[in-house]
Amino acid sequence: MIAGLKSMLSFEIGHNPKVVKRPERLRDFIPAPYKGVLIISADFELAWAWRYAKALGGRTEAAEAYARIARANVPEILRLCEAYHIPITWGTVGHLFLEQCQAGQAGLAHTEIDRLPYFENKYWRYAEGDWFGHDPCTSWRENDAWYAPDLVNQILASPVEHEIGCHTFSHIDCSDEHCPPAVIREELAACQKAADGFGIKLESFLFPGHTMGNFQAIKACGYTSVRVNYANEIGYPVRDEFGLWRLAATAEIIMNPKWPESYNLYRFRKIIKRTLRNQAVANLWFHPSLPSETVVPLFTTIFQYANRHRGQLWVTTMRDYVSWLNHRAPAQGVSKAVH
C-alpha cells in the first residue's frame with residue numbers, strides 16, 4: 001500500500017517519468033504542426049528473453065510459457081493497431097526470423113556467432129553450458145517458442161505500416177562490461193542476414209534487458225537509432241558522438257499491481273497529455289508476453305487517447321521519426337484519426 005502510494009505520488013509530481021526541459025529549437029524535434037510525438041515499441045523475443053532469468057531459475061518450460069502468452073497476444077495487439085491505425089516498432093530477436101535451424105559442430109547451434117563469456121547482471125545469470133544451449137535446432141512448426149516467421153509475416157501483412165527493428169539475434173547482454181564488440185557485431189550480422197529473407201532493412205535497435213553499451217559497434221552495423229533506458233523520460237532525442245539517435249524510454253505498458261486498474265489507465269492517458277502539453281516525445285514500450293487479460297484495456301485506452309489527439313500528436317515509428325530528424329522535413333504518411 002505504502003509503496004503504491006509513493007509511486008503514485010512520484011508520477012503525480014512529475015518525477016517518473018521525468019519531463020525534460022524544452023530545447024531552444026523545439027521544431028528541431030517536433031515537426032509542425034504537431035505538439036508532440038508518440039512512439040510505441042515492443043520487445044519481441046518469445047522464449048529467448050527468459051532462458052537465464054534469475055526469477056525463473058533457468059527453467060526452459062517457464063521460458064516457453066512466456067512465449068505461448070506472447071504468441072496469443074501478438075494477433076490481438078495487431079488487431080487493435082489496425083482498429084486505431086497505430087504503428088509499432090517491433091524490436092525483434094533475430095532468431096525469430098528463422099523457419100528452422102540445425103546443430104553444427106559438436107552439436108552446438110550457430111557456431112558462426114561468438115559467445116558471451118559467463119556473466120551475471122541484475123536480471124540474468126549465465127554460468128554454465130553454451131549460450132545457445134536452449135536452441136531446439138528444429139523448426140518453427142515443431143518449437144514455435146524459439147522461432148516466429150509466422151508472426152513476422154502477420155506484422156508485415158498488416159495494413160498499418162509497422163517497423164521491424166532489432167533486439168539482437170539471441171537476446172544478449174549488450175553492456176560494455178559483458179559483451180565484447182565482436183559478439184555484438186556477429187549477432188547483428190546474423191540478424192540482418194535473417195531479416196534479408198523478408199526484405200527488411202533493420203535500422204532501429206532496442207537493447208535487451210536495459211543492457212546498454214557497444215554504441216559504436218551498433219552504429220557501424222548500420223543502425224540509425226537506439227532506445228535507451230537510463231531513466232523514464234518525456235523528452236527529446238540526443239545524437240551521440242557516433243551519430244546514433246538515442247531515444248529515451250518513457251514507460252512500460254503494463255498493469256502495475258500496486259495500483260488499481262483505473263489508475264493504471266489514467267496514468268497512460270496522463271503521459272500522453274503531458275507529452276502534448278510540454279511539446280515533447282514519449283516512447284511507450286511493452287513485452288508482448290504481458291498478461292493477456294490486460295491487453296485490451298491497456299492498448300485500447302492508449303490507442304483511443306492517442307487517436308483522439310491525432311491533429312496534435314504524431315504517432316510514428318522509431319525509423320520514421322529518425323528519418324524526419326535526419327532530413328528535417330515535414331512528417332509524411334501521418335494517418336488521420338479513426339473514429
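Points to keep in mind about this one:
- Test result for ALA282, farther than 24 Å from TYR126 by Cβ, of a type outside the set (Phe, Trp, Tyr) and in contact (Cβ under 8 Å) with a residue 60 or more places away in the chain: yes
- Options VAL296, VAL228, VAL315: the member that is within 28 Å of PRO75 (Cβ to Cβ) and surrounded by 15 or more Cβ atoms within 10 Å (Cβ to Cβ): VAL315
- Among the residues of segment 124-160, the ones that are surrounded by fewer than 16 Cβ atoms within 10 Å (Cβ to Cβ), of a type outside the set (A, V, I, L, M, F, W, C) and within 18 Å of ASP196 (Cα to Cα) come to 3 in all.
- Selection count where residues are within 15 Å of SER262 (Cα to Cα) and hydrophobic (A, V, I, L, M, F, W, C), scope segment 277-310: 5
- Condition check for ILE200: surrounded by 15 or more Cβ atoms within 10 Å (Cβ to Cβ) and not in a helix (DSSP H, G or I): yes
- The set of residues in segment 138-169 being part of a loop (DSSP other than H, G, I, E, B), out of contact with any Leu (no Cβ under 9 Å at 6 or more places or on another chain) and in contact (Cβ under 8 Å) with a residue 40 or more places away in the chain consists of PRO159, GLU161.
- Residue within segment 92-103 that is crowded, with 21+ Cβ neighbours inside 10 Å and within 30 Å of ARG308 (Cα to Cα) present: yes
- Number of the condition not met by ALA32 [criteria: (1) assigned to a helix (DSSP H, G or I); (2) among the aliphatic types (A, V, I, L, M); (3) more than 28 Å from LYS201 (Cβ to Cβ)]: (1)
- Filtering segment 34-72 to residues that are surrounded by fewer than 17 Cβ atoms within 10 Å (Cβ to Cβ), over 22 Å from GLY133 (Cα atoms) and of a type in the set (D, E, K, R) leaves nothing.
Bear in mind that the values in this text are calculations on the coordinates, not laboratory data. Quantities reported herein were computed from a predicted structural model and do not represent experimental measurements. Glycine also receives a Cβ, built like all others from the backbone with ideal geometry; neighbour counts cover every protein chain displayed.
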